[in-house]
Amino acid sequence: MNILIINGSPKKKGGASVFFSKILGFMLFPQKVMTKTIGISRNYENIFTDLKSVEIVIISVPLYVDGIPSHMIHFLQQMEQYCINNKCVFMLYVISNSGFIEGHQNQAHLEQYECWCERAGITWGGGLGIGGGVMLHVIFYVTLLLSIIQFVIGILINIFFAKLAVNSILVFSFTRSMMVWLFFSSGMLFYEFMLAWAIKKQKVIKNKYTRAMIPSFIFLIFADIFMALEALFHGKIIFSLYKKIDYTKNAE
Ligand SMILES: Cc1cc2nc3c(=O)[nH]c(=O)nc-3n(C[C@H](O)[C@H](O)[C@H](O)COP(=O)(O)O)c2cc1C
């Protein structure tokens, strides 16, 4: 069975959609899985050529303004035409991830792909809506980094001091970090596993919804801190936001 995973995030590198599609790709083992990225190039030829030869297509895509991101709408319009002209017969599954914590935020988004399938004559396989996508993605890398640091410190202590008691505490912290990540991500891992199982059996499933396993009021605190830091590091420096803009210059 040939499977194509399409990453629908406009981000050049990384991103939550890529993260979730990698986990699914891992769970689909030993099936042959190809992965392609749409980006914002508007050149989809290298993706379309594979559509004729695959049985399954999975789109992993972020939720933008409660619906399909605009670059994705362009892609779907082109893909619809290609599928009709070339009589494509694959099944489509979609993973939609959102910034907000509730998985059901993705409901309308998944239904839009279902409607697209009807229009393009493609079989809708089912969808998975993941709430708190950014958090699950970031927590994974933070936990991984902490675990590696703890592991390296453990080895160094072992080499230089051989203090076994301290060492076992570090091994415990490492295991604890991994367990915390597994707990936060348990819903996502479980439903991705179910999706992988359905894909392998080529079964149509009902849309499923899951989230980061954290109470919403705690999520809000961390999400606010994270967004403020993101804005500071990736956005404009705070003082430049108060700069006076010369609009007459732009109009010329
Ligand atoms: C323009 C824009 C609109 C968004 N709209 C929503 C939204 O309506 N609801 C929501 O929960 N998250 C929204 N988000 C957050 C993204 O869905 C979230 O950050 C997602 O994990 C990004 O996935 P990516 O890293 O694969 O691009 C929006 C993000 C952007 C940039």
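The values are calculated or read from the model by the stated rules, or taken from the named source; none is laboratory data. Computed from a prediction, not measured in an experiment: that's the story for all the values here. Here the Cβ is made from the backbone with ideal geometry for all residues, glycine too, and neighbour counts use every protein chain on show. All accessible areas refer to the heavy atoms of the entire protein, side chains included, with ligands and DNA or RNA removed. Shrake-Rupley method; radii C 1.70, N 1.55, O 1.52, S 1.80 Å.
General remarks:
- Taking (1) more than 13 Å from the ligand (Cβ to nearest atom); (2) modelled with pLDDT under 95; (3) among the β-branched types (Val, Ile, Thr) in turn, Thr35 satisfies each apart from (2).
- Among residues of the stretch 129-150 being part of a helix (DSSP H, G or I), touching a residue at least 12 places away in the same chain (Cβ under 8 Å) and within 13 Å of the ligand (Cβ to nearest atom), the one that is nearest to Ile59 (Cα to Cα) is Gly133.
- From Val142, Val204, residue being aliphatic (A, V, I, L, M) and open to solvent by less than 90 Å² (accessible area, probe 1.4 Å): Val142
- Residue in the stretch 184-203 that is touching a helix residue (DSSP H, G or I) at 6+ places or on another chain (Cβ under 7 Å), more than 26 Å from Ile3 (Cβ to Cβ) and of a type in the set (Gly, Ala, Ser) present: no
- Meets criteria (farther than 23 Å from Thr123 by Cβ, open to solvent by less than 10 Å² (accessible area, probe 1.4 Å) and within 10 Å of the ligand (Cβ to nearest atom)) for Ser98: yes
- Top-ranked residue of the stretch 1-10 - restricted to ones that are open to solvent by less than 10 Å² (accessible area, probe 1.4 Å) and not small (Gly, Ala, Ser), ranked as farthest from the ligand (Cβ to nearest atom): Ile3
- Single condition Lys13 does not satisfy, out of (1) out of contact with any Lys or Arg (no Cβ under 7 Å at 6 or more places or on another chain); (2) within 15 Å of the ligand (Cβ to nearest atom); (3) modelled with pLDDT of 90 or more: (3)
- Qualifying residues in the stretch 49-90 (those that are β-branched (Val, Ile, Thr) and open to solvent by less than 10 Å² (accessible area, probe 1.4 Å)) - the one nearest to the ligand (Cβ to nearest atom): Val61
- Matching helices (runs of 4 or more DSSP H) fully within the stretch 9-128 where at least 3 residues are of a type outside the set (Val, Ile, Thr) and closer than 26 Å to Ile214 by Cα: 16-27, 107-120
- Ile23 being open to solvent by less than 40 Å² (accessible area, probe 1.4 Å), touching an Asp or Glu at 6+ places or on another chain (Cβ under 6 Å), under 19 Å from His137 (Cα atoms) and not basic (Lys, Arg): yes
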